[in-house]
Amino acid sequence: MKTNRLLDLFHSGQGAVAGWMSLDSAYAAELVGASGFDAVVIDCQHGMAGHAQMLAMLQALSHTAAVPLVRVSQNNLGEINRALDAGAYGVICPLVNSVAEAVAFGRACRYPLDGMQGDRSFGPARGLLVGGADYSQHANAQMLALAMIETRAGLDAVEAIAAVAQIDGLFIGPSDLGIALGLGPAAAHTHPVLAAAIARIQQACQAAGKVAGIWCGSAEMARDMLTQGLQLVVPGHDAIWLKAEMARRLAVVRARPVAG
Ligand code: 3PY
Ligand code: MG
C-alpha cells in the first residue's frame, strides 16, 4: 500500500506543514498541493466543499506529493467512512468533547481487523485505487485519526481523550477554544490562558505518545507552534490568502500617483 508520508515525518521527529482548503475547487486544491505542503486538508466543516467537490479535490491532490486529509463536518460514521473511501489518508474530527466521542470517532476510522476495535465498513472504492490492492491490510495503520480539542469539555478530558487507542492525535482549534476560554475567536496564541491550554494539550499528546497539531491564523503562529514542538501546523487557509493577496495587489495599483 502507498504509505502515509506524514507518519514518517512524525516518527522521524520532523514537523509537518499542511495547506487548508476552504474553497471547493479541485484546481485550487491541485495548486495548493503542488506548492510544497506536506499535506492538504479539505475542510468539509467550515469550508465550501460538499461530497462531490471533496472527491474531485482528492483526485486533484493525487497529482501532488501532499498527503490528502479531510476535516469532516461532524463526528459521524457515515461521513467519516465516505471521506476515507474516497481516498483521504486521514480525518480531522471537530468538537470532540469526551472519551466516548473520541472512541466513536477513532472506531469510525478503523476496520475491525487484527484485534483493532473498529466500526469502519468495508468498501474503500477509491482508497483501493490510490492506496493499492493490499489497502485492507494496512489502512488501519496508515489512516490518521485526529480529534479536535476546541471546547471546555474537550480540554477538561484531554488527557483521557489523548489516551484513546484508536486515535493518532489531537488537533487544536484555537478559535473555538478561545471562545470556550472566554477570550473570543481571535485571541493571540501568546495570550497566557490560550497558551496554557495549548501547552496542556501538547503535554497530553506527549504523555500518550500521540501527535499534536494545531490550526493557525498566520504563518508566524505556525512557525512558533512548530518551534514549540507541535507536529502538524496549518498557516491559515486558501480563501484568506487569496483575499489578502488580491487586496494587496489592488492597493498597490490604486496607490499610483494621480496624473495632473
Ligand atoms: C478553530 O480554530 O476552532 C478551528 O476549528 C480551526 O479551523
Ligand atoms: Mg473549530
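Every read-out reported here was derived from the displayed coordinates using simple, explicitly stated rules and does not represent laboratory data. Since the structure is predicted, the reported quantities are computational estimates derived from the model, not experimental observations. Ideal geometry is used to build each Cβ from the backbone, glycine not excepted, and the neighbour counts take in all protein chains shown.
Considering only the stretch 25-52, state which residues are touching a helix residue (DSSP H, G or I) at 6+ places or on another chain (Cβ under 7 Å) and either within 16 Å of ligand 1 (Cβ to nearest atom) or polar (S, T, N, Q) (or both). Answer for the stretch 25-52, where residues must be touching a helix residue (DSSP H, G or I) at 6+ places or on another chain (Cβ under 7 Å) and either within 16 Å of ligand 1 (Cβ to nearest atom) or polar (S, T, N, Q) (or both): Val32, Ala39, Val40, Ile42, Cys44, Ala49.
This table checks each residue for (1) of a type outside the set (Val, Ile, Thr); (2) within 16 Å of ligand 2 (Cβ to nearest atom); (3) touching a His at 6+ places or on another chain (Cβ under 6 Å).
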residue: Val130; (1), (2), (3): no, no, no
residue: Ala145; (1), (2), (3): yes, no, no
residue: Val158; (1), (2), (3): no, yes, no
residue: Leu170; (1), (2), (3): yes, yes, no
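Candidates Pro185, Pro257, Pro192: the one that is within 16 Å of ligand 1 (Cβ to nearest atom), without any contact (Cβ under 8 Å) to a residue 40 or more places away in the chain and loosely packed, with under 14 Cβ neighbours inside 10 Å is Pro185.
Scanning the stretch 58-75 for residues that are more than 16 Å from ligand 2 (Cβ to nearest atom) and under 19 Å from Leu232 (Cβ atoms) gives Leu58, Leu61, Thr64, Ala65, Ala66, Val67, Pro68.
Contact map, the stretch 69-89: first residue closer than 19 Å to His138 by Cβ, second residue polar (S, T, N, Q), Cβ cut-off under 6 Å, separation 6 or more or different chains; pairs are Asn81/Ser121; Tyr89/Asn4. Criterion first (buried (at least 18 other Cβ atoms within 10 Å of the Cβ), within 16 Å of ligand 2 (Cβ to nearest atom) and hydrophobic (A, V, I, L, M, F, W, C)) does Ala18 satisfy it? So Ala18 passes the test.
State whether one or more residues within the stretch 213-222 are over 23 Å from Leu31 (Cβ atoms), touching a residue at least 40 places away in the same chain (Cβ under 8 Å) and not in a helix (DSSP H, G or I). Yes, the stretch 213-222 contains a residue that is over 23 Å from Leu31 (Cβ atoms), touching a residue at least 40 places away in the same chain (Cβ under 8 Å) and not in a helix (DSSP H, G or I).
Within 12 Å of ligand 1 (Cβ to nearest atom) and acidic (Asp, Glu) - does that describe any residue in the stretch 151-165? The answer is no; no qualifying residue exists.
Taking the stretch 50-104 as the range and being over 14 Å from the mean Cα position of the chain (by Cα) and of a type in the set (Lys, Arg) as the test, only Arg82 passes. Remark: Gly213 matches the filter, which requires a residue to be under 27 Å from Ala100 (Cα atoms), of a type in the set (Gly, Ala, Ser) and crowded, with 17+ Cβ neighbours inside 10 Å.
Would you say Val233 is over 19 Å from Phe105 (Cα atoms), of a type outside the set (Asp, Glu) and in contact with a strand residue (DSSP E or B) (Cβ under 6 Å, 6 or more places away or on another chain)?
Yes: the conditions hold for Val233.
Hey, does the stretch 101-109 have a residue that's of a type outside the set (A, V, I, L, M, F, W, C), part of a loop (DSSP other than H, G, I, E, B) and within 16 Å of ligand 1 (Cβ to nearest atom)? No - not one qualifying residue is present in the stretch 101-109.
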